[in-house]
Amino acid sequence: MNQTIRLSAAALALAAGLAAAPRAQAQQGAGDNALRPGATSITMGVAADPSVGIWTMPSGRTAVGIVGSVQGIRSSFGDTESDQTLLVIAPQVKRYGSTDGAILPYLHGSVFASLTEFEGRSPGATSGGRFTAVGATAGVGLDWFPVRRVGLGGHAGLGLTRSEADPLQPGEDETTTWHLQTFTAAIQVQLYL
């Protein structure tokens, strides 16, 4: 369900951006955004994506950045409690077809590493484990600049992930899995300095 919500939010943002494209282009004119060689920006994920990143533009059409996220989740259901900690770090790259205008499609790529620790507690029992993952993604995205130094965007594509689960319980085996899956990034706000 969470993946469906993210996909729906990305689709709505894309539709809103495409619908606003002619008006935004007429208001801003070509090149009226902050994408320039040497430009620096900070990104913040919104809604279900509590990520933060820093980006720079080493060339006129390429942006490189590093995005990270730390999440701590505590939940309880009846007599059962659980704690989950997630750490993600992801170097990323965007390659714009053009940097002129307010609506800018791009190609996106990233590699990432994540660490998740989980512990569940109920009367008389404790379980948990550590999960690590590394992977890569490739896709397409869209940035919209409603004003010169603020961009809104997101991307979708394919990802390949290698995951390892290391359970805390004695006698349980470590498992390794590979996943090829589609993904959608949550909406991100990009502020240019």
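Of the conditions (1) more than 19 Å from V70 (Cα to Cα); (2) assigned to a strand (DSSP E or B); (3) hydroxyl-bearing (S, T, Y), S98 clears all except one; give me its number.
Condition not satisfied by S98: (2).
Is it the case, given these coordinates, that L104 is part of a strand (DSSP E or B) and either touching a residue at least 60 places away in the same chain (Cβ under 8 Å) or farther than 29 Å from A133 by Cβ (or both)? Reasoning before the result, please.
Values: part of a strand (DSSP E or B): yes; either touching a residue at least 60 places away in the same chain (Cβ under 8 Å) or farther than 29 Å from A133 by Cβ (or both): yes.
Spelling it out, L104 is indeed part of a strand (DSSP E or B) and either touching a residue at least 60 places away in the same chain (Cβ under 8 Å) or farther than 29 Å from A133 by Cβ (or both).
Okay, residues lined up against (1) within 20 Å of Q181 (Cα to Cα); (2) at pLDDT 95 or above; (3) of a type outside the set (V, I, T):
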{"position": "S76", "(1), (2), (3)": "no, no, yes"}
{"position": "L87", "(1), (2), (3)": "no, no, yes"}
{"position": "Y96", "(1), (2), (3)": "no, yes, yes"}
{"position": "G129", "(1), (2), (3)": "no, no, yes"}
{"position": "V150", "(1), (2), (3)": "no, yes, no"}
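Could you list, in sequence order, the residues of region 123-141 that are loosely packed, with under 14 Cβ neighbours inside 10 Å and among the polar types (S, T, N, Q)?
The answer is T126, and nothing else.
Name every residue in region 39-74 that is within 24 Å of E119 (Cβ to Cβ) and without any contact (Cβ under 8 Å) to a residue 60 or more places away in the chain, in order of residue number.
P50, G68, S69, V70, Q71, G72, I73, R74
Here is a yes/no grid of residues against (1) free of Cβ contacts under 8 Å to residues at least 24 places away in the same chain; (2) under 13 Å from the mean Cα position of the chain (by Cα); (3) part of a strand (DSSP E or B):
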residue: S110; (1), (2), (3): no, yes, yes
residue: F118; (1), (2), (3): no, no, yes
residue: D143; (1), (2), (3): no, no, yes
residue: G151; (1), (2), (3): no, no, yes
residue: H155; (1), (2), (3): no, yes, yes
residue: S163; (1), (2), (3): no, no, yes
residue: G171; (1), (2), (3): yes, no, no
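Among the residues of region 154-161, is there at least one that is modelled with pLDDT under 95 and over 17 Å from A90 (Cα atoms)?
Checked region 154-161: no residue is modelled with pLDDT under 95 and over 17 Å from A90 (Cα atoms).
Identify, please: which residue in region 54-66 is touching a Pro at 6+ places or on another chain (Cβ under 8 Å) and at pLDDT 95 or above and is, among those, surrounded by the fewest Cβ atoms within 10 Å (Cβ to Cβ)?
Looking only at region 54-66, we keep the residues that are touching a Pro at 6+ places or on another chain (Cβ under 8 Å), and these are 57-60, 64-66.
From the residues that got through so far, the ones that are at pLDDT 95 or above too are 57-58, 64-66.
Working: M57: 22, P58: 11, V64: 15, G65: 20, I66: 14.
Taking the candidates together, the pick is P58.
If you go through region 150-164 one residue at a time, do you hit one that is among the acidic types (D, E) and surrounded by 15 or more Cβ atoms within 10 Å (Cβ to Cβ)? Quick ask: steps written out before the conclusion?
Quick first cut of region 150-164, residues among the acidic types (D, E) only: 164.
Checking the rest, the ones that are also surrounded by 15 or more Cβ atoms within 10 Å (Cβ to Cβ) come to none.
No - not one qualifying residue is present in region 150-164.
State the number of residues belonging to region 67-87 that are hydrophobic (A, V, I, L, M, F, W, C) and more than 19 Å from the chain's Cα centre (by Cα). If you could, list the steps in order and put the result at the bottom.
Taking region 67-87 first, the residues hydrophobic (A, V, I, L, M, F, W, C) are 67, 70, 73, 77, 86-87.
Those still in the list that are more than 19 Å from the chain's Cα centre (by Cα) too: 77.
Qualifying residue count, region 67-87: 1.
The values are calculated or read from the model by the stated rules, or taken from the named source; none is laboratory data. All of these numbers come straight from a predicted model, not from anything done at the bench. As a convention, Cβ positions derive from the backbone with ideal geometry for all residues, glycine included, and neighbour counts pool all protein chains shown.
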